[in-house]
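First the structure, in the form of structure tokens, and then the observations on it.
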Amino acid sequence: MLAALTLVSGVLAVTTRQIFRAAIFLLFSLIGIAGLYFWMQYDFIAAVQIVVYVGGITVLIIFSIFLTQQAGELLPKQKIGRQIFSALAVFCGFALTMLQLFQHSFKPTTGQPVLPIVANIGDRMLGVAEDGFALPFEVVSMLLLAALIGCIVIALRSKPATS
Amino acid sequence: MMEPGLNHILVISAALFFIGVFGFFTRRNLVTMLMSIELVLNSVNLNFIAFNKYVWPNKMDGLFFAIFVIAIAAAEAAVAIAIIINLYRSHHSIDVENAEEMKF
């Protein structure tokens with residue numbers, strides 16, 4: 001059910017010709033993925049997914065649609081040859097992946113499972129032991145800071161040219 | 001009806017990945033291409049979480065990779081939208097055919 005929601009709205013998001021509807025279908029697809037995370041009992045990831053993707057990136061995309069597009073305007077129709085070729089390539093890739101997937105059998109480990117609760121996640125994320133993730137955490141924070149500063153620089157640079 | 005397991009999740013995420021790739025091939029608008037990339041990144045996250053749950057439940061590496069991928073995707077979307085809006089200001093269009101001057 002959740003998978004059907006995710007896949008159908010994903011297909012509609014890449015095929016509808018009204019760009020605003022595409023953004024709304026993308027929103028439903030992301031909510032479906034968050035529901036799959038809830039179903040796998042990874043509550044923290046589901047919450048992060050809803051906050052960052054559904055709350056952040058979709059709103060950012062909708063704002064950029066409003067800033068760059070006349071709402072209600074249809075996207076131009078693509079060449080049918082290109083669409084057929086893309087569908088063929090994508091179908092071949094999907095078939096190849098499925099073939100590999102059903103020929104392979106995964107063997108689960110038998111170790112003691114670690115519950116994905118927030119306390120365990122926090123311990124691991126800021127741990128400096130062998131299985132800690134303190135260094136990637138810091139690197140990702142620096143990357144986010146650099147990306148934000150880069151956005152401001154890119155957005156400010158064309159001000160004298162336009163005004 | 002059998003219990004859904006790892007293979008079902010992998011089928012879902014592969015389908016989502018190729019939906020995103022199809023959108024990336026066919027769309028010619030920068031914002032919709034960005035949306036296709038988001039679909040692809042989400043399918044990768046779904047794969048990480050599924051492998052973490054069903055194959056290595058005694059470690060949490062997949063979960064942390066998913067968190068880092070989400071953070072990097074947020075940064076990437078912000079930078080891409082800044083570039084798109086800047087391009088729209090100078091060209092009044094966000095089709096990729098009109099953005100050829102960005103190659104230099």
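For the reader, a short list of remarks on this structure follows.
- Some residue of region B:65-74 being part of a helix (DSSP H, G or I), hydrophobic (A, V, I, L, M, F, W, C) and in contact (Cβ under 8 Å) with a residue 40 or more places away in the chain: no
- Residue list for region B:1-48, restricted to those being crowded, with 22+ Cβ neighbours inside 10 Å, more than 7 Å from every other protein chain (Cβ to nearest Cβ) and closer than 17 Å to residue A:106 by Cα: B:13
- Qualifying positions in region B:58-76 - over 30 Å from residue A:107 (Cα atoms), more than 7 Å from chain A (Cβ to nearest Cβ) and hydrophobic (A, V, I, L, M, F, W, C): B:73
- Residues considered: B:79, B:55. Of these, the only one that is at the interface with chain A (Cβ under 7 Å from one of its Cβ atoms), surrounded by fewer than 18 Cβ atoms within 10 Å (Cβ to Cβ) and touching a Pro at 6+ places or on another chain (Cβ under 7 Å) is B:55.
- Residue within region A:108-118 that is at pLDDT below 85 and surrounded by 15 or more Cβ atoms within 10 Å (Cβ to Cβ) present: yes
- Matching residues, region B:22-48, being of a type in the set (Val, Ile, Thr) and at pLDDT 90 or above: B:37, B:40, B:44
- Residues that are modelled with pLDDT under 75 and part of a helix (DSSP H, G or I) within region A:124-143 comprise A:124, A:125, listed in sequence order.
The values are calculated or read from the model by the stated rules, or taken from the named source; none is laboratory data. On a predicted model such as this, the values are computed, not experimentally measured, just so you know. Note: ideal-geometry Cβ built from the backbone for every residue, glycine included; neighbour counts use all protein chains shown.
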